[in-house]
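As structure tokens, the structure follows; a few thoughts come after it.
Any read-out appearing in this document is the output of simple, stated calculations on the displayed coordinates, not a laboratory observation. This one's a predicted model, so the numbers in the text were calculated from it and none came from an experiment. In this analysis, Cβ positions are derived from the backbone assuming ideal geometry, glycine residues included, and neighbour counts consider all displayed protein chains.
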Amino acid sequence: MEAVETASRSTSRSLRRVGILYDERMCRHHTPDDEPHPENPNRIRAIWNKLQSAGISQRCEVLSAKEAEDKYILSVHGKSHVDLIRNISSQQYNSRRNRIASKLNSIYLNEGSSEAAYLAAGSVIEVAKRVAKGELDSAFAIVRPPGHHAEHDEAMGFCLFNNVAIATNFLLNEKELGINKILIVDWDVHHGNGTQKTFWKDPRVLFFSVHRHEFGSFYPSNDDGDYTMIGEGPGAGYNINVPWENGRCGDADYLAVWDHILIPVAKQFNPDMILISAGFDAAVGDPLGGCCVTPYGYAMLLRKLMDFARGKIVLALEGGYNLASISNSALACMEVLLDEKIVTGSTEAYPFESTWRVIQVVRQELKAFWSVLADEVPTKLISQKAPIPVKKILISSCDSEAEDVEELLQEVIRPLSTLRVDEDCRVLAESASVSWRSDLSNIDIWYATFGSNMWKPRFLFYIEGGQVDGMQKLCSGSMDKRPPKEILWKIFPHRLFFGRESTRTWGLGGVAFLHPESKNEDIVHMCLYRITLEQFNDVLHQENISSYDMSSPLFDLTSLDCVKEKGSINLEAVKKGWYHNVVYLGMERDIPILTMTCDLSDIENFKSGKVPLHAPSEDYANTLVKGLVEGGQLSEEEAVSYIKEAATKPL
Ligand code: Q9C
Ligand code: ZN
């Protein structure tokens, strides 16, 4: 009998027993006249629908909600608060309900609020109990109202009862469960003030919260979330706050905090169980959060926690207000709990400088309690930081809508994640993209460069990702980060010239182009990098700053045949980019030589003056000179006059 059970589970369900709790009754809490509000019933419906249509709930043990008993709620909240929430939905409160709500900070109440609040708290208890007992490996409670702002005697921030704090006390008090140390990870974009206060002096509970703080100006807008708030008495050192100084934090920032604070401390603390206050309002596209954690990012954060407490993890929903973002983030987390998909992808961007600063002060503040935090963070790491974005990427105020999401998708998510998402934050299929990549990764080409890429360190940013001095742009790098297999220099009978008045990457001043047609009297120095055709595609993509999603290649084997025959080929998908014309320059040891430049119609525009020819900016010219000199091609004077001639000779 037992064997049959197990066998059927391994096919229709997951090998891991994962619980999921959803209950429509929690949708009955909504604004009195159903006026719009970010914390609305569709949040949990959207997540539940997504998990069902993705076939996730079918692989889980589905649980329904149970109301929490008062005695458990009273372990966190005062009697008057519990009485109020119990009774607030009854008729006798009809005339007073709105007035009471309006006196509270960011709270609405209706006839469904009491039941929903009891169900949310009871649900987290229910899944936590089952995970503690070993009936489940892990679980996700899709609950609302959220809980982490709720304090001993106060509902606030859309929270009525502190669901996670209540479940935590339940676990600790049920001695036979054998749960004596609990790690609470609060990755909601807001500080978990209620949870912090509940366990302020309690060393059995390590409370960790990473949140936007902005020196006390972000909700809940006080100093409670500061890094100096470390707990008190026996609880000193058992409260860790990581307060962001700015919005826009993303996968790289969160992962840096995990790697340099949370994970080492979790190792040393060695919890019996982990509860996650899993708000998804730090997700990209959230209208309140203004951060940009991708589904892939959440998956990584969760994956890293699965190594502790023998995988006994409970996620309880907190905030998160973009329906598509929270659904995709929740889905990514469920896939991690089910352990059926290996999390792959790379975060090809760096944390902000402010993130490293915060990591350092937090480590400093807590190193007396956690010896694993005592070492300095290597300066080599700290020097790897993201630039402040050139364009303002801001979705932080409640009313701003997600029109910036497309921009974020182009500039932040696509390079960050192989879990690609579209404009609605839907995860796109990646199988096609994987297969063209492996096909083209076996073909070598020479990528012939005539501009700043002649300077090797600059070119390497297109492979490894990162930011070069003097450039405003952060490169996402190539998927395949192997350096060029060979480098050689050659002279070709083509014309080098400089055009345009300014570029986003280099600021004022022209950038280099190659005339696509050859002429005997012209010469150009070119640095050839032997890279794969897959890498060439990633370079093409970066050179042309496009929104093209790379699910198929820009330049494939057919294009290669075509360019060999015709001499050049215009790439439609990036035709707005300045380097969308791939030019064939012959063969070198049986390997084709390719470069990228503008097309003949652009040449006409340069000639007519419609697009001005323009001498290179100083930074840009210096980079070219460095390339030619360090590449051993020309002396510095020769290089300077070579550039000068190209910049002054009429086209
Ligand atoms: N200007 C959670 O995410 N914002 N709560 C109030 C006042 C309240 C967020 C803005 C945000 C509460 C669970
Ligand atoms: Zn929140």
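Taking a ≥ b ≥ c as the square roots of the eigenvalues of the alpha-carbon gyration tensor, the range 506-593 is classed oblate because a/c is 1.5 or more while a/b is no larger than b/c. Computed from point charges on the beta carbon alone (+1 for Lys and Arg, -1 for Asp and Glu), the dipole magnitude for the range 239-342 about its Cα centre is near 200 Debye. In straight-distance terms, cross-link reach from LYS71 covers every one of the lysines whose alpha-carbon lies under 30 Å from its own, apart from those fewer than eight places away in the same chain; here that gives LYS79, LYS103, LYS129, LYS133, LYS175, LYS181, LYS197, LYS201, LYS312. With each label point set 7 Å from Cα along the Cα-Cβ vector, what nm distance links ARG28 and GLN58? Output for this residue pair reads 3.1 nm. For the range 85-131, rounded, prolate or oblate, judged on the Cα gyration tensor with a ≥ b ≥ c (square roots of eigenvalues), a/c < 1.5 rounded, else prolate if a/b > b/c? Prolate.
Cβ crowding within 10 Å, taken as a proxy for footprinting-reagent exposure, orders ILE545, ILE47 from fewest neighbours to most as ILE545, ILE47. How far is it, in nm, from the label point at SER217 to the one at GLU353 when both lie 7 Å from their Cα along the line to the Cβ? For SER217 paired with GLU353, the spin-label model returns 1.8 nm.
Remark: spin-label model distance ASP480-LYS133 equals 5.3 nm, labels positioned 7 Å along the Cα→Cβ axis. For the chain, averaging the sequence separation of C-alpha pairs within contact (under 8 Å, six or more residues apart) and dividing by the residue count gives a relative contact order of 10 percent. The slack between ILE591 and GLU638, meaning 0.36 nm per residue of separation minus the straight C-alpha distance, is 13.9 nm. Screening the chain for whole DSSP H helices with an alpha carbon extent of at least 24 angstrom along the helix axis and a mean Kyte-Doolittle hydropathy of at least 0.5 yields nothing. For the chain, the antiparallel share of DSSP beta bridges with both residues in that region comes to about 45%. According to the Cα-based calculation, Rg over Rh for the range 460-606 is 0.93, with Rh computed by the Kirkwood formula. Can you classify the range 207-313 as rounded, prolate or oblate using the Cα gyration tensor, where a ≥ b ≥ c are the square roots of its eigenvalues, rounded means a/c under 1.5, and otherwise it's prolate if a/b beats b/c and oblate if not? It comes out oblate by the Cα gyration axes.
The 3J(HN,Hα) values that the Karplus relation (6.51, -1.76, 1.60; θ = phi - 60°) gives for the range 103-109 are, in residue order, 7, 8, 8, 6, 9, 10, 9 Hz. Gly and Pro appear as x. Considering only ALA117, PRO145, LEU104, and ranking their Cα positions along the charge dipole of the range 96-165 that arises from unit charges at the beta-carbon of Lys, Arg, Asp and Glu, the one farthest toward the positive end is LEU104.
Projected onto its three principal axes, the C-alpha set of the range 530-651 covers 43, 38, 27 Å, listed from the longest axis down.
A Stokes-Einstein calculation at 37 °C with viscosity 0.692 mPa s, built on the Kirkwood radius of the range 177-225 over Cα pairs, returns a diffusion coefficient of 285 µm²/s.
The range 101-156 has equivalent-ellipsoid semi-axes of 27, 11, 8 Å, by the square roots of 5 times the alpha carbon gyration tensor eigenvalues, sorted largest first. Between the beta carbons of LYS71 and LYS103, assuming R0 = 25 Å, the FRET efficiency works out to 0.35 to the nearest 0.05.
Annotation: amide H-H contacts under 5 Å for VAL611 (H modelled 1.01 Å from N, sequence separation of 5 or more, or interchain): PHE606.
When the Cα positions of PHE280, TRP356, SER327 are compared along the charge dipole of the range 231-367, TRP356 comes out farthest toward the positive end, with charges on each C-beta of Lys, Arg, Asp and Glu. For the range 298-352, taking the reciprocal of the average inverse distance between every pair of different Cα atoms yields a Kirkwood hydrodynamic radius of 12.6 Å. Placing a label point 7 Å from the Cα of LEU15 along the Cα-to-Cβ direction, the residues of the range 52-84 whose backbone N falls under 17 Å from that point are 59-60.
When restricted to Cα atoms, the chain yields an Rg and a Dmax of 28.5, 94 Å, respectively.
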